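The structure appears below as structure tokens.
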Amino acid sequence: RGDANLRPITILNAVSQLKADERIATLFPNQKPDENTRKLSKKLLQIASQILPLYRTSLYTQNTLDFDDLIFFTTELLATSSQIRLNLQKRWNHVLVDEFQDTSATQLELVKLWTDESLFVVGDANQSIYSWRGANVGSMEDFVREFEGVESVFLMENYRSTSNIISAA
């Protein structure tokens, strides 16, 4: 109440971050917690921790999933069912992930489960805008460590913006 900086979207994003940390710890116990959670204030963590069980109950009673649940349950399914994972990998031989700099730890795990052969990612660490939503710009660096035989191609020419915009950036 007394903190004017805590807008509803800020609290919702903190709830999302708590859910992601819990789920990563459940599925991948050796993975470290997301650095974005450590950046949350004590007050925000306290409020989000109080809201999370109510939010879960609300989703459950309405038989719904939010975006985080869709990502998590798909990751959990692929992590626990080798047959479904293999069928999916056979169905899509090539996977492309755009805006890779805005992937979260859970999304990185999903990508790792989704393909074991042909993966193409596009991203620019300087354009990461979703850290408030759990995105980890370190995913770009993690990608090089997580996948063998990575080849990086740097596109130095910008075809989407005028020179004035590029100069201002």
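Bear in mind these aren't lab numbers, they're just calculated from the coordinates by the rules spelled out. Predicted model, so just to flag it, every value in this text is computed and none were measured. Here the Cβ is made from the backbone with ideal geometry for all residues, glycine too, and neighbour counts use every protein chain on show.
Taking amide H positions as modeled 1.01 Å from N, with prolines and chain starts lacking one, the residues under 5 Å from VAL121 and 5 or more places away or on another chain are VAL97. Summing +1 for each Lys or Arg and -1 for each Asp or Glu among the other residues whose beta-carbon sits under 12 angstrom from that of LEU78 gives -1. Please work out, to two decimal places, the log10 of the ratio I(q)/I(0) at q = 0.13, 0.28 Å⁻¹ from a Debye calculation in which every Cα of region 70-131 carries one identical scatterer. Log10 of I(q)/I(0), two decimals: -0.36, -1.20.
The calculated FRET efficiency for ILE11 paired with ALA125, based on their beta-carbon distance and R0 = 25 Å, is about 0.35. This model, with +1 at the C-beta of Lys and Arg and -1 at the C-beta of Asp and Glu, gives region 66-119 a dipole about its Cα centre of some 420 debye. Annotation: amide H-H contacts under 5 Å for SER104 (H modelled 1.01 Å from N, sequence separation of 5 or more, or interchain): ASN136.
Sorted on the mean count of surrounding Cβ atoms within 10 Å across their residues, most packed first, peptides 139-152, 102-115, 66-79 read 102-115, 66-79, 139-152. Tell me which of SER118, VAL95, SER82 sits at the most positive position along the dipole axis of region 80-131, charges placed on C-beta atoms (Lys, Arg +1; Asp, Glu -1). The listed residue farthest towards the positive side: SER82.
Once the C-beta distance of SER152 and LEU54 is scaled by a Förster radius of 45 Å, the resulting FRET efficiency is 0.50 to the nearest 0.05. Computed from phi, the 3J(HN,Hα) profile of region 9-20 under the Karplus parametrisation 6.51, -1.76, 1.60 (θ = phi - 60°) reads 5, 5, 5, 4, 5, 5, 4, 4, 5, 4, 4, 4 Hz, with x in place of Gly and Pro. The aspartates and glutamates whose alpha-carbon is closer than 20 Å to the alpha-carbon of LYS42, local same-chain residues fewer than 8 away aside, are ASP3, ASP21, GLU22, ASP34.
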